[in-house]
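One structure is given here, and the rest of the page talks about it.
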Amino acid sequence: MTQQRNRNIQGINTEFLGLRNVPANYKVLFVQGGGTGQFAAVPLNLMSRTGKADLHGSWSSKAAKEASKYGAVNLVFPKLEKYTTIPEKSTWKLDPEAAYVYYCANETVEGVEFQYVPEVPQGVPLVCDMSSNFFSRPVDVSKFGVIYGGAQKNIGCSGVTVVVVREDLLGCPLPVCPAVLDYGIMAKNKSLYNTPPTFAIHVVGEVLAWVKREGGLEEMQRRSIEKSKMLYGVIDESAGFYNNPVDVAARSRMNVVFRVGEGGKDDLEANFISQAAAQGLLSLKGHRSVGGIRASIYNAITSDDVRRLCEFMRTFLKANKLRFPLHTTSFCGMRSNFAAFTPRFLSLLLHRNMSLGCGCLVRVSAHAQSTRSPGKDLPDDSLTNTLDENTPRAIKRASKRRQMNKDRQREGIDGIPRESENYRMQRSTNRVTAGEASPTLWNP
């Protein structure tokens, strides 16, 4: 039994080495404990070099807490209130005497991903948690001292963790390091020091064979880019109905996070999740620590699956864009934003309120959709003509008069002070007649 298990594991090891182009001076280990186990295993095996470590990121904060039990920990940059970007490299504080630099390549909670390999001081090993983007693109393994990842996202099922470690980092664990977490012992015993998670390792082998048949890591990378672009495209074109808080340069290809409604509305998001589930689109609820929506599009998710989600998002947008109060969107003269408004609202915007100028904010009342009176929309197709012929000129004219409008608003209406009762009466007469859509506009 042991000999058969050993042959199976070594066969999977060879498949792994070939797909990842792993140099000959690295060992591949199949261990247990998941990423959380590696939070302890990394410092237990590497901290003895200098007793200090550099760490950064959301998941890295958990690794830092564990590493602090075994040595001094330096946070490369201070803990952020929200991890929606990767701070500029110029702000990083790297210790040239650190035993290692640790980072997480893809943060699944906030949807932030490194699109590059960080540079570290010469001689300091780079350690990377690739659990959530493992095997989603080619990686130059030689730039790392240790790479690890739980299999359950991209290369198998839960129960096994794959560790790739450079040979010169083996054999110097802290005295308190348990044997089951000792990289040197596991490498010497070819991942068979204790009974391995046999079935989970077998599944990894099947997935690696599938990746190879599908075209390798280059094809996985192409698919991940294609799928994420589809989702981010729907979000960016929604005029604020869907919003992703992550800087564009740091957006994850694996975990697309977004909120629904202005600033994220819990009732709207609950409807989104329930209606999506009714169509077989599952597990879209965001992480409990941040809420919102999270679409995890790992290797097993096909492009067709993502297209289904995109179509649902467009349908949900169309059905809900004006049915909830306080929906706010920017109007900067961009034609794509017109899709967020009803024809009646557009007519009011163009013919009554264009003088407020570019950059205004438009707030639509809750009854804008439900109280539209039959027969009171534009009598003909002049709205289309207005959009095609007059809109750019109107926006340009409004932009030139923007400063004048600000001055007028400070003075009130026709010279009537804003604080007076006459001003409030005059303002009320300028509003849209009751029973119709009643947008309220103001300059920011």
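The values are calculated or read from the model by the stated rules, or taken from the named source; none is laboratory data. Owing to the predicted nature of the structure, the values given are computational and were not obtained by experimental measurement. Reconstructed Cβ throughout: ideal geometry from the backbone, glycine too, with neighbour counts over all protein chains shown.
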Complete set of residues in the range 158-176 that are among the hydroxyl-bearing types (S, T, Y) and part of a strand (DSSP E or B): T161
Which of the residues spanning the range 76-92 are in contact with a strand residue (DSSP E or B) (Cβ under 6 Å, 6 or more places away or on another chain) and under 30 Å from L174 (Cα atoms)? V76, F77
Restricting to the range 281-296, count the residues that are surrounded by 12 or more Cβ atoms within 10 Å (Cβ to Cβ) and in a loop (DSSP other than H, G, I, E, B). 7
Within the range 102-116, does at least one residue satisfy the condition of being among the hydroxyl-bearing types (S, T, Y), in a loop (DSSP other than H, G, I, E, B) and either at positive phi or surrounded by fewer than 24 Cβ atoms within 10 Å (Cβ to Cβ) (or both)? yes
With respect to G150, is the statement that it is within 27 Å of the chain's Cα centre (by Cα) and not hydrophobic (A, V, I, L, M, F, W, C) true? yes
Exactly one condition in (1) free of Cβ contacts under 8 Å to residues at least 12 places away in the same chain; (2) in contact with a His (Cβ under 8 Å, 6 or more places away or on another chain); (3) aromatic (F, W, Y) is not met by Y103; state its number. (1)
Specify the residue that is modelled with the lowest pLDDT; the eligible residues are those in the range 28-80 that are part of a helix (DSSP H, G or I) and among the hydroxyl-bearing types (S, T, Y). S58
Given the criterion surrounded by fewer than 16 Cβ atoms within 10 Å (Cβ to Cβ) and touching a strand residue (DSSP E or B) at 6+ places or on another chain (Cβ under 8 Å), identify the matching residue among N25, N6. N25
Please verify whether V176 is more than 24 Å from Y298 (Cβ to Cβ), at pLDDT 95 or above, loosely packed, with under 14 Cβ neighbours inside 10 Å and hydrophobic (A, V, I, L, M, F, W, C), treating the condition exactly as stated. yes
Any residue at all in the range 177-184 that's within 23 Å of N255 (Cβ to Cβ) and either in a loop (DSSP other than H, G, I, E, B) or of a type in the set (A, V, I, L, M, F, W, C) (or both)? no
The lone exception for L94 - which of (1) crowded, with 24+ Cβ neighbours inside 10 Å; (2) at pLDDT below 95; (3) in a loop (DSSP other than H, G, I, E, B) it fails: (1)
Going by the conditions given, is A200 free of Cβ contacts under 8 Å to residues at least 60 places away in the same chain, assigned to a helix (DSSP H, G or I) and not basic (K, R)? yes
Tally time: how many residues in the range 120-157 are of a type in the set (F, W, Y), in a loop (DSSP other than H, G, I, E, B) and either in contact (Cβ under 8 Å) with a residue 40 or more places away in the chain or more than 15 Å from Y102 (Cα to Cα) (or both)? 2
Which pairs have Cβ atoms under 7 Å, sit 6 or more apart or on different chains, and link a residue in the range 167-188 that is under 14 Å from L46 (Cβ atoms) to one that is surrounded by fewer than 15 Cβ atoms within 10 Å (Cβ to Cβ) and of a type outside the set (F, W, Y)? E167/N25; G184/G171
I'm checking my understanding of the structure. Among residues of the range 234-280 that are outside any loop (DSSP other than H, G, I, E, B) and among the aromatic types (F, W, Y), which one is farthest from the chain's Cα centre (by Cα)? F272
Search result, residues across the range 271-280 that are under 18 Å from G240 (Cα atoms) and surrounded by fewer than 18 Cβ atoms within 10 Å (Cβ to Cβ): N271
